[in-house]
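Visitor: Just dropping this structure here.
The values are calculated or read from the model by the stated rules, or taken from the named source; none is laboratory data. The model shown is predicted, which means the values in this text are computed figures rather than measured ones. All Cβ positions, glycine included, derive from the backbone under ideal geometry; neighbour counts span all protein chains shown.
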Amino acid sequence: MSDGVWAAPGRVNLIGEHTDYNDGFVMPFALPHTTVATVTRRDDGWLRLHSADAEGGPVELRVGDLRPGGPGGWTDYPAGVVWALREAGHAVDGADIHYESTVPTGAGLSSSAALEVVTALALSDLYELGLDRGSIARLCRRAENVYVGAPTGIMDQTASACCTEGHALYLDTRDLTRRQIPFDPAAHGLRLLVMDTRVTHAHSEGEYGKRRTGCEAGAAALGVNALRDIAYDALDTALARLDDGELRRLVRHVVTENHRVERAIMHLEADEAELIGPVLSEGHVSLRDDFRVSCPELDLVVDSALAAGALGARMTGGGFGGSAVVLTRTSSADRVSKAVLEAFAAQSRIAPRIFTATAAAGARRLS
Ligand code: ADP
Ligand code: MG
């Protein structure tokens, strides 16, 4: 007998890419795919972790010995959460946790945040810590940044912790204010397809670092704290002040991308969901040509989907592989999917994995 069962979802970012480390705007929604944790509290100083989706048996760790820079591997994510809880002064003294997940790992759909958030929510409930959703997201981000050592922003954890069914989550990554934006494609005769290219190009981490540094240099050259501080109306003036073509392209992406998030919100709140299609496609062009984080597989998904009549398409996540999102009318979804698969077959590439995404609930207790 366990003490309870909790679930936390993966997420897909609808729009607002590479804006999070520029204090900008993002708009993810939660997927129906979840990581489920079956948890028993224990107070003997031991953390026992097992995942049906990882190789090997249960791993036992002493909570008092948890330190960043540990052994590595999947247990760093939940162990990092326990470490971050204890660091924050919460007397968490152990647990037995069994995980089962339907979130694809490494597909840019945030299985890592699902794993962290489900752990934090379960421990908050079992130890009666009363953590609110924003605190859970921040704590999980700290676990991933400091304990796992992955320099991610706050979006993934916030999406997993704070999303609600039928909505995308607008998040201002500077002040962490959030707003639920109605997002229910089916109600508008639409479908949002996620297409996982099943490739990850090896240079992605180094390139991510370079984009971050480049954005910081752009902000410094323009005398602002972060590129978020450049208003869309002031973009041309800002670009005219930059001599370096590379910096100009990075700045233009971030400023126009923040504006695209605002445009998408406007359409969704006006009940004109289909009008976000061109906004998504413009976002892809900007990520491909200005920010240069796309790859042949993501471009092929987007180009073949649009050629087959999709309303909009773009890469989602960090880039250099991972997934794309494609908005279609419900009536043309099958045709678009087929066209994409045919385009990949014609180039003898691995077939993408395609599924329909609905905006599902954030983390919750199941029993
Ligand atoms: P993403 O978050 O986009 O899926 P990451 O590289 O950030 O990709 O996180 C993937 C890693 O998270 C996996 O390699 C694994 O270590 C860990 N992970 C995620 N979900 C699980 C799970 N259910 N069981 C074990 N490990 C998991
Ligand atoms: Mg991740």
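Visitor: With the structure loaded, tell me whether V92 is more than 11 Å from ligand 2 (Cβ to nearest atom), within 30 Å of I354 (Cβ to Cβ) and buried (at least 19 other Cβ atoms within 10 Å of the Cβ) or whether it fails that test.
Guide: On the way: more than 11 Å from ligand 2 (Cβ to nearest atom): yes; within 30 Å of I354 (Cβ to Cβ): no; buried (at least 19 other Cβ atoms within 10 Å of the Cβ): yes.
The answer is no for V92.
For (1) outside any loop (DSSP other than H, G, I, E, B); (2) under 17 Å from the mean Cα position of the chain (by Cα); (3) assigned by TED's automatic domain parsing to the domain that holds D43; (4) modelled with pLDDT under 95, each residue gets a yes or a no:
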| position | (1), (2), (3), (4) |
| --- | --- |
| V117 | yes, yes, yes, no |
| D125 | yes, no, yes, no |
| L131 | no, no, yes, no |
| R141 | yes, yes, yes, no |
| T158 | yes, yes, yes, no |
| A161 | yes, yes, yes, no |
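Visitor: Can you confirm whether I97 is among the hydrophobic types (A, V, I, L, M, F, W, C), buried (at least 16 other Cβ atoms within 10 Å of the Cβ) and away from ligand 1 (no atom under 16 Å from the Cβ)? Talk me through it step by step, then tell me what you get.
Guide: Numbers: among the hydrophobic types (A, V, I, L, M, F, W, C): yes; buried (at least 16 other Cβ atoms within 10 Å of the Cβ): yes; away from ligand 1 (no atom under 16 Å from the Cβ): no.
Spelling it out, it is not the case that I97 is among the hydrophobic types (A, V, I, L, M, F, W, C), buried (at least 16 other Cβ atoms within 10 Å of the Cβ) and away from ligand 1 (no atom under 16 Å from the Cβ).
Visitor: I've got another one for you. Picking from A150, A137, A187, which residue would you name as being within 15 Å of ligand 1 (Cβ to nearest atom) and assigned to a helix (DSSP H, G or I)? Talk me through it step by step, then tell me what you get.
Guide: Working: A150 fails: assigned to a helix (DSSP H, G or I); A187 fails: within 15 Å of ligand 1 (Cβ to nearest atom).
Being within 15 Å of ligand 1 (Cβ to nearest atom) and assigned to a helix (DSSP H, G or I) holds for just one of A150, A137, A187, which is A137.
Visitor: A further question follows. Quick check: anything in the range 11-19 assigned to a loop (DSSP other than H, G, I, E, B), crowded, with 20+ Cβ neighbours inside 10 Å and more than 16 Å from ligand 2 (Cβ to nearest atom)?
Guide: Our first condition is that a residue be assigned to a loop (DSSP other than H, G, I, E, B); within the range 11-19, this holds for 16-19.
Now drop any that are not crowded, with 20+ Cβ neighbours inside 10 Å, which leaves 16-19.
Retained after the next criterion (residues that are more than 16 Å from ligand 2 (Cβ to nearest atom)): 16, 19.
Yes, there is a match, as at least one residue in the range 11-19 is assigned to a loop (DSSP other than H, G, I, E, B), crowded, with 20+ Cβ neighbours inside 10 Å and more than 16 Å from ligand 2 (Cβ to nearest atom).
Visitor: So L192 passes all but one of these: (1) away from ligand 2 (no atom under 16 Å from the Cβ); (2) part of a helix (DSSP H, G or I). Which condition number does it fail?
Guide: (2)
Visitor: Just give me the residues in the range 325-350 being of a type in the set (G, A, S) and either touching a residue at least 60 places away in the same chain (Cβ under 8 Å) or not assigned by TED's automatic domain parsing to the domain that holds P296 (or both), in sequence order.
Guide: Step one: of the range 325-350, the residues of a type in the set (G, A, S) are 331-333, 337, 339, 343, 345-346, 348.
Selection gives S331, A333, S337.
Visitor: So if I check each of D175, D196, which one is charged (D, E, K, R) and free of Cβ contacts under 8 Å to residues at least 60 places away in the same chain? Show your work before the answer.
Guide: Values: D196 fails: free of Cβ contacts under 8 Å to residues at least 60 places away in the same chain.
On inspection, the qualifying residue turns out to be D175.
Visitor: Can you name the condition, by its number, that S51 falls short on among (1) within 14 Å of ligand 1 (Cβ to nearest atom); (2) crowded, with 16+ Cβ neighbours inside 10 Å; (3) under 20 Å from the mean Cα position of the chain (by Cα)?
Guide: Status for S51: all satisfied but (3).
Visitor: Could you list, in sequence order, all residues of the range 59-79 that are on the phi < 0 side of the Ramachandran plot, assigned to a loop (DSSP other than H, G, I, E, B) and either more than 16 Å from ligand 2 (Cβ to nearest atom) or at pLDDT below 95 (or both)? Lay out the reasoning, then the answer.
Guide: Looking only at the range 59-79, we keep the residues that are on the phi < 0 side of the Ramachandran plot, and these are 59-68, 70-71, 74-79.
Within this subset, residues satisfying the condition of being assigned to a loop (DSSP other than H, G, I, E, B) are 66-68, 70-71, 74-75.
Passing the criteria: L66, R67, P68, G70, P71.
Visitor: Take the residues of the range 224-262 that are polar (S, T, N, Q) and closer than 17 Å to G24 by Cβ: which is surrounded by the most Cβ atoms within 10 Å (Cβ to Cβ)?
Guide: As a first pass, look at the range 224-262 and keep what is polar (S, T, N, Q): 225, 237, 256, 258.
Right, trim to closer than 17 Å to G24 by Cβ and you get 225, 256, 258.
Details: N225: 11, T256: 17, N258: 24.
Only one residue fits best here, namely N258.
Visitor: Please list, ordered by first then second residue, the pairs with beta carbon atoms under 7 Å, 6 or more apart or interchain, first in the range 144-165 and of a type in the set (D, E, K, R), second within 11 Å of ligand 2 (Cβ to nearest atom) and not in a helix (DSSP H, G or I).
Guide: E144/A150; E144/T152; D156/R11; D156/S110
Visitor: From the list V103, V82, V26, which one is at negative phi and either within 11 Å of ligand 1 (Cβ to nearest atom) or surrounded by fewer than 24 Cβ atoms within 10 Å (Cβ to Cβ) (or both)? Give the steps one after another, and end with the answer.
Guide: Details: V82 fails: either within 11 Å of ligand 1 (Cβ to nearest atom) or surrounded by fewer than 24 Cβ atoms within 10 Å (Cβ to Cβ) (or both); V26 fails: either within 11 Å of ligand 1 (Cβ to nearest atom) or surrounded by fewer than 24 Cβ atoms within 10 Å (Cβ to Cβ) (or both).
Being at negative phi and either within 11 Å of ligand 1 (Cβ to nearest atom) or surrounded by fewer than 24 Cβ atoms within 10 Å (Cβ to Cβ) (or both) holds for just one of V103, V82, V26, which is V103.
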